[in-house]
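What follows is a short report on a single structure.
The values are calculated or read from the model by the stated rules, or taken from the named source; none is laboratory data. All of these numbers come straight from a predicted model, not from anything done at the bench. Using ideal geometry, Cβ is built from the backbone for each residue, glycine included, and neighbour counts are taken over all protein chains shown.
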Amino acid sequence: MNMKVGVVMGSASDLEVMKGTFEVLDQFGIEYEKKVLSAHRTPAALEAWVKDGRERGIAAFIAAAGGAAHLAGVVAALTTLPVIGVPIMSKALRGLDSLLAMVQMPSGIPVATVAIDGSKNAALLAIEIMAVTDRNLQEKLRAFRDEQARKILDTEI
């Protein structure tokens with residue numbers, strides 16, 4: 001079974017930010033599932049989707065939410081698979097509320113958290129996790145990093 005990433009957003013309005021995740025996963029040829037589910041408004045549906053993730057081939061979850069941003073923490077409470085949180089920029093506190101909700105998880109239920117609106121890094125972190133046991137992904141990541149370095153070194157000012 002091909003390993004894939006489960007991507008969940010608390011609201012359809014998060015899709016614009018999460019396009020970066022899908023672009024990176026597509027670039028690396030990683031399959032993914034994407035859902036809009038709420039930790040507060042659809043907890044039973046979220047639990048059902050997360051709980052059988054391993055059986056569906058999910059290697060890691062990416063959870064994006066703004067405001068109270070409990071989504072990543074609830075996903076992490078429901079699985080032992082890695083969970084990566086993407087705090088979404090909010091109007092009230094410019095995403096700081098979302099960031100703090102994700103990074104302040106209680107001991108024993110970790111959520112790896114990227115920058116506010118850092119959806120591309122969330123995808124890269126999921127790929128790095130999968131690359132621990134996948135030599136092909138290791139090589140793709142090395143080529144990606146080499147290309148990033150080449151672009152910088154080739155920059156003329």
(message) Filter segment 81-122 down to the residues that are basic (Lys, Arg) and within 16 Å of the chain's Cα centre (by Cα) and list them by number.
(response) 120
(message) When you scan segment 113-120, do you find a residue that is of a type in the set (Lys, Arg), out of contact with any Asp or Glu (no Cβ under 9 Å at 6 or more places or on another chain), within 30 Å of residue 136 (Cβ to Cβ) and assigned to a helix (DSSP H, G or I), even just one?
(response) no
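Against the definition (in contact (Cβ under 8 Å) with a residue 60 or more places away in the chain, more than 26 Å from residue 132 (Cα to Cα) and over 12 Å from the mean Cα position of the chain (by Cα)), how does residue 10 come out, yes or no?
On the way: in contact (Cβ under 8 Å) with a residue 60 or more places away in the chain: yes; more than 26 Å from residue 132 (Cα to Cα): yes; over 12 Å from the mean Cα position of the chain (by Cα): yes.
In short, yes.
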(request) Please identify the pairs in which a residue from segment 91-111 that is farther than 20 Å from residue 80 by Cβ has its Cβ atom under 9 Å from the Cβ atom of a residue that is at pLDDT below 95 and among the polar types (S, T, N, Q), counting only partners at least 6 apart or on another chain. (result) 96/90; 97/90; 98/90
